[in-house]
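*Asks:* Take a look at the following structure, please.
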Amino acid sequence: MLAEAALFAATLAVSTTRNAGAVHYSVKLWSRAHRCRAAWLEHETRTKDFILKKMATLEKRRTAVVLGSGLLRDVPIRQLADAFDRVILYDIAHLASVRLMLKLGKYRNVSCVERDVSGYDALKHGRELRPLAFLEDIPDLDFVVSPNLLSQLGTGAEHRLKKERDPMPEDTVARILAAHWQGLTALPASICLVTDVSYAVTDRTGKTLSEVDLLHGVALPPPTESWLWPVSPIGEESREHAFVHRVIAV
């Protein structure tokens, strides 16, 4: 708890947006990632490997963008920094620990930008839903990575709908998810999407008790790769149940 409190304070102090809710979520994710590091290792490794496979196909390597860069545990940041002229990390909050790691690692061509890429506020205020349109202003953009972000955009939208109770379209979550994929495909750059698309609640024997669609019916192309990610092993949220997510890479 003391480590979480210190990280929260340090992150809020260096944040440009000072979004306490976003910082709190990021700190909680940091804490869970540490507790579940063994269970998450294969997923993080496969995510990084898939990004590198996509990167290997590129002819030009000027600017790379990572959307929802988070803890960088699933992002091959060293390889991206070595391969590209510059790398821009976008997230709603960048932990102070991540900023320090980048500074100590002398990632001089890597920058952190705080930005909400969900598009929720555009819907809220009746504006056009083009959450990734800002990327069109990067003239030398060659590679855009969305690693394990898409479903979180939906979860974040669901939380805001419950908390804020503003008049919003009934299909808000699905529209936000669809707009992210559509925004990626509209870019004049190579794209890489890794996302969990559903999760299953399983018991101690591995039997599936229920399943939940994380994409709210939004269709994505057939995946190049797919695997399971034990986001919440038995003992993390429940003594009897695990929450296992299905991940696809496109």
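*Asks:* Working carefully through the options Glu42, Glu59, find the one that is surrounded by fewer than 20 Cβ atoms within 10 Å (Cβ to Cβ) and touching a strand residue (DSSP E or B) at 6+ places or on another chain (Cβ under 8 Å). Full working, then the answer.
*Replies:* On the way: Glu59 fails: touching a strand residue (DSSP E or B) at 6+ places or on another chain (Cβ under 8 Å).
Exactly one of Glu42, Glu59 is surrounded by fewer than 20 Cβ atoms within 10 Å (Cβ to Cβ) and touching a strand residue (DSSP E or B) at 6+ places or on another chain (Cβ under 8 Å), namely Glu42.
*Asks:* If you don't mind, another one. Pick from Arg165, Arg204, Arg239: which is more than 20 Å from Trp40 (Cα to Cα), open to solvent by 30 Å² or more (accessible area, probe 1.4 Å) and more than 17 Å from the chain's Cα centre (by Cα)?
*Replies:* Numbers: Arg204 fails: more than 20 Å from Trp40 (Cα to Cα); Arg239 fails: more than 20 Å from Trp40 (Cα to Cα).
It is Arg165.
*Asks:* Still on this model: Picking from Leu161, Leu123, which residue would you name as being free of Cβ contacts under 8 Å to residues at least 40 places away in the same chain and over 18 Å from Ile88 (Cβ atoms)? Reasoning before the result, please.
*Replies:* Working: Leu123 fails: free of Cβ contacts under 8 Å to residues at least 40 places away in the same chain.
From the options Leu161, Leu123, the qualifying one is Leu161.
*Asks:* Being part of a loop (DSSP other than H, G, I, E, B) and either modelled with pLDDT of 95 or more or closer than 23 Å to Leu177 by Cα (or both): is that true of Lys60 here?
*Replies:* Numbers: part of a loop (DSSP other than H, G, I, E, B): yes; either modelled with pLDDT of 95 or more or closer than 23 Å to Leu177 by Cα (or both): yes.
Answer is yes for this residue.
*Asks:* Of the residues Leu184, Leu215, Leu153, Leu220, which is within 17 Å of the chain's Cα centre (by Cα) and open to solvent by 20 Å² or more (accessible area, probe 1.4 Å)?
*Replies:* Working: Leu184 fails: open to solvent by 20 Å² or more (accessible area, probe 1.4 Å); Leu215 fails: open to solvent by 20 Å² or more (accessible area, probe 1.4 Å); Leu153 fails: open to solvent by 20 Å² or more (accessible area, probe 1.4 Å).
Of the residues listed, the single one that is within 17 Å of the chain's Cα centre (by Cα) and open to solvent by 20 Å² or more (accessible area, probe 1.4 Å) is Leu220.
A quick yes/no check of all residues on (1) β-branched (Val, Ile, Thr); (2) modelled with pLDDT under 95:
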residue: Asp140; (1), (2): no, no
residue: Val145; (1), (2): yes, no
residue: Leu149; (1), (2): no, no
residue: Thr155; (1), (2): yes, no
residue: Glu164; (1), (2): no, yes
residue: Glu170; (1), (2): no, yes
residue: Ile176; (1), (2): yes, no
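*Asks:* Could you identify the single residue in Ser146, Ser111, Ser69 that is farther than 28 Å from Ala39 by Cβ and either open to solvent by 30 Å² or more (accessible area, probe 1.4 Å) or touching a residue at least 12 places away in the same chain (Cβ under 8 Å) (or both)?
*Replies:* Working: Ser146 fails: farther than 28 Å from Ala39 by Cβ; Ser69 fails: farther than 28 Å from Ala39 by Cβ.
Unique residue meeting the criteria: Ser111.
The values are calculated or read from the model by the stated rules, or taken from the named source; none is laboratory data. Being a predicted model, the structure only gives us computed values, none of them experimental. Using ideal geometry, Cβ is built from the backbone for each residue, glycine included, and neighbour counts are taken over all protein chains shown. Calculation scope for accessible area: heavy atoms of the full protein, side chains included, ligands and nucleic acids excluded. Shrake-Rupley method; radii C 1.70, N 1.55, O 1.52, S 1.80 Å.
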